[in-house]
1. Could you identify the single residue in M41, M6 that is out of contact with any Ser or Thr (no Cβ under 9 Å at 6 or more places or on another chain), part of a strand (DSSP E or B) and surrounded by fewer than 11 Cβ atoms within 10 Å (Cβ to Cβ)?
2. Which of the residues belonging to the stretch 41-51 are more than 14 Å from V19 (Cβ to Cβ) and either touching a Leu at 6+ places or on another chain (Cβ under 6 Å) or modelled with pLDDT of 95 or more (or both)?
3. Within the stretch 1-48, how many residues turn out to be closer than 21 Å to D59 by Cβ and aliphatic (A, V, I, L, M)?
4. From the residues in the stretch 15-31 that are acidic (D, E) and loosely packed, with under 12 Cβ neighbours inside 10 Å, which one is farthest from the chain's Cα centre (by Cα)?
5. Go through the stretch 15-60 and report how many residues are in contact with a strand residue (DSSP E or B) (Cβ under 7 Å, 6 or more places away or on another chain) and free of Cβ contacts under 8 Å to residues at least 40 places away in the same chain.
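The values are calculated or read from the model by the stated rules, or taken from the named source; none is laboratory data. All values reported here derive from a predicted model rather than from experimental measurement. Ideal geometry is used to build each Cβ from the backbone, glycine not excepted, and the neighbour counts take in all protein chains shown.
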Amino acid sequence: MLETQMYQCPYCGEPVEAVLDLSGGDQCYVEDCAVCCRPIMFDLRTDGVDWSLDVRREDD
């Protein structure tokens, strides 16, 4: 099950859209910002239905 979520890059502040795979359960991963190419830490918490996403700088 895929969802999309807008978030603000913690480096450049630009709005970016993330595609989230809720079928994989809780996930922590790194993706580069599509605008400034800096690494963003994603922390996705989900039970497959409800979810929350936290994004932060790699150096936080």
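1. Values: M41 fails: surrounded by fewer than 11 Cβ atoms within 10 Å (Cβ to Cβ).
Matching residue, one of M41, M6: M6.
2. First, the residues of the stretch 41-51 that are more than 14 Å from V19 (Cβ to Cβ): 41, 43, 45, 47-50.
Answer for the stretch 41-51, where residues must be more than 14 Å from V19 (Cβ to Cβ) and either touching a Leu at 6+ places or on another chain (Cβ under 6 Å) or modelled with pLDDT of 95 or more (or both): M41, D43, R45, G48.
3. From the stretch 1-48, those closer than 21 Å to D59 by Cβ are 7-14, 16, 18, 27-44; that's our starting set.
Remaining after also requiring aliphatic (A, V, I, L, M): 16, 18, 30, 34-35, 40-41, 44.
Qualifying residue count, the stretch 1-48: 8.
4. Step one: of the stretch 15-31, the residues acidic (D, E) are 17, 21, 26, 31.
Subsequent filtering for residues that are loosely packed, with under 12 Cβ neighbours inside 10 Å retains 17, 26.
Working: E17: 9, D26: 12 Å.
Among those residues, the one meeting the criterion is D26.
5. 30
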